[in-house]
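Throughout, read-outs are computed from the coordinates displayed, never taken from laboratory work. Because the structure is a prediction, the values reported are computed rather than measured. Note that we place each Cβ from the backbone using ideal geometry, even for glycine, and neighbour counts take in every protein chain shown.
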Amino acid sequence: MSNLPYEPEFEQAYKELASTLENSTLFQKKPEYRKALQVVSVPERVVQFRVVWEDDNQQVQINRGFRVQFNSALGPYKGGLRFHPSVNLSILKFLGFEQIFKNALTGLNMGGGKGGSDFDPKGKSDNEIRRFCVSFMTELCKHIGADTDVPAGDIGVTGREVGFMFGQYKKIRNSWEGVLTGKGGSWGGSLIRPEATGYGVVYYVEHMIKYATQGKESFAGKRVAISGSGNVAQYAALKVIELGGSVVSLSDSQGALVLKGEEGSFTEEEINTIAAIKVERKQISELANTEAFSSKFKYIPGARPWTNIVGRIDVALPSATQNEVSGDEAKALIAAGCKFIAEGSNMGSTQDAIDVFEADRDTKKSEAIWYAPGKAANAGGVAVSGLEMAQNSARVNWTREEVDSRLKKIMEDCFNNGLATAKEYATPSKGALPSLVAGSNIAGFTKVAEAMKDHGDWW
Ligand code: NDP
C-alpha cells in the first residue's frame, strides 16, 4: 500500500501518518488497527472527468476534473475544490487523505474528500471562469449531494466560483440544498466561513502558547511570520493583529514581502489592500513598488519569507501551499527563535522539516519549537463548513457570535484531544512538550477506524 512512487504527495502524507502511528504505542495496544490503516488508505471512489469550455476567443479549452471520495465513515464526503495548474491525482489524494482525519478531529459528522481541476483561474475573465465552473459542475453534480458529498473552496476557488457552481447544480438537479459550503451570506452561507481557517489557526496557537507558558503568555507582543496572502493568510494576519501580535511577513507564489526593520507590523489596512488585489488575482509584487509599501517592506522575488525576516520570529504560520517549509528553513526558524509553528496550509512542512521540529521538541524541552500539523491547526475552515451544513439542514442562520464561539470551542477541543492522545500513546521524554502531530494523527485515525469497524469495512 505504501509503495506508490508515482503519487509522491500522497505517499508523503501516508508516510507522515503511518510513521507517527508506528512510532507510538498504538499498534502494540491495538495491533488490529494495522488492517484498518491499510483499508483507510484506499479511496472509496475516485471520479475523473473531462471539462470542456469556451474561452473569450471562442476557442475550445480542455481541463481535467477530479473528485476523490476518500472516506464516508463519519458522514458525507467533505473537502474543498482546488483550481490550480499543478492539480493532479496525487495532490488531491494527499489532500483527501488528510481531510479524513482533520474532519474527524472537528468532532462533527463529516467524511473526507477533495477535488478540483488543473484549470488556472489567473488571467481568466469573469465570463471564462463562469463558463468553466458551469462545465465542471455539469459533470460533478452527478456525484455529489447534501447527504453524499459536500465540496467547498480551496486554492483558486472563492465565493464567486462556489456561486457559479451552486447555480449550475441547482439548475440541473432542480434542488436547492446545502451541496456546497462557502456560499454567499444571502443564499445559505454561514457567517465566519471566510474567516474560519485563518481565525481557527490563531485560536489553536493561542492554546499552544497558553499551555507551553503555563498561561503566562499570549499573542500580545509576538512577532508572527506568515506565508501566503490568500484567504487563510489574510484572516490569520487580521486575527493576530487583533490579539496584539505583529505580522512580519506575507507572500505569494511570486515572492515574499517582509518588514524592513525589526519593529512594526503589517496593519489591518495594508492587509485589506493586499486582499483587494488578490480578488483581482494580481501579485503582491505590484504593490511592492508603491511608495506606501516600498518604504516599509522589502520584496524578495521568488523567495519564501522564512529565511528573509529581519530579527526575531516567535510564531510561524505557513498558509500558502504544501511543502513550503524545508528542513533548512525549519532550522532557520528555530535559529530565529521561533517557538510555535502551526500550519494554515495542508502539509505545509516537508517531512524533513517535521523531523527537525520534532527532534527539537524532544531534545531542547522548554526551549524548543512546538509544531502543529495542518490537519489539526487548520481544521477551523471545514468545521465552520460543517456548521454551514447544519444551518442549511435546519434552514436557520446563526449569528457571527454564535458561529465564532462554536469555532473557538472546536479549536480548543481539537487542541486538547491531540494533546491528551499524545500523552496516552506517544509519551514525550521528560520535560518535553507532547507531540501534537502524533496526538492529532492518532486521535483522528482511531475515531475513523472505530466507525469503519462498526460498518464492517474491516474486521
Ligand atoms: P488562496 O488561493 O486564497 O491563497 C493561496 C495563497 O498561496 C496565495 O497567496 C498564492 O499565491 C499562494 N500559493 C498558491 N500556490 C502556491 C505555490 N505553489 N507556491 C507558493 N505560493 C503559492 O488559498 P487558501 O488561502 O484558501 O489556501 C491556502 C492553503 O490553506 C492551502 O494549502 C489550502 O489547502 C489550505 N487550507 C485552506 C482552507 C480554506 O478554508 N480556504 C481550509 C484548510 C486548509 P498567488 O496569489 O500568487 O497565487
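Data table
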read-out: Residue exposure sequence - M347, M452, M411 - by fewest surrounding Cβ within 10 Å; value: M452, M347, M411
read-out: Inverse mean reciprocal Cα-Cα distance (Kirkwood Rh) of the range 109-262, Å; value: 17.8 Å
read-out: Volume per residue of the C-alpha convex hull in the chain, rounded to whole Å³; value: 136 Å³
read-out: Dipole moment magnitude, nearest 20 debye, the chain about Cα centre, only Lys, Arg, Asp, Glu C-beta charged; value: 660 debye
read-out: Cα pair distances of the range 413-459 binned at 10 Å [whole percent]; value: 29, 41, 23, 6, 0
read-out: Rg/Rg_ref, the range 347-422, where Rg_ref = 2.2 N^0.38 Å and atoms are Cα; value: 1.45
read-out: Given charges at Cβ of Lys, Arg, Asp, Glu: the chain dipole, positive-most of P76, H455, F164; value: H455
read-out: Charge-dipole axis of the range 1-97 as Lys and Arg at +1 and Asp and Glu at -1 on Cβ define it, positive-most pick from P8, Y33, S19; value: Y33
read-out: Fewest-first sequence of I369, I410, I300, I62 by Cβ atoms within 10 Å of each Cβ; value: I62, I300, I369, I410
read-out: Burial ordering of Y299, Y77, fewest other beta-carbon atoms within 10 Å first; value: Y299, Y77
read-out: Net dipole in debye of the range 309-426 [+1 Lys, Arg Cβ; -1 Asp, Glu Cβ; about Cα centre; nearest 20]; value: 320 debye
read-out: Where labels lie 7 Å past Cα in the beta-carbon direction, separation of N57 and V279 in nm; value: 3.0 nm
read-out: Estimated 222 nm signal from helices in the chain, with DSSP H stretches of n ≥ 4 weighted -39500 (n - 2.57), rounded to 500; value: -14500 deg cm²/dmol
read-out: Computed magnitude of the charge dipole of the range 23-114 (debye, nearest 20; Cβ of K, R +1, Cβ of D, E -1); value: 520 debye
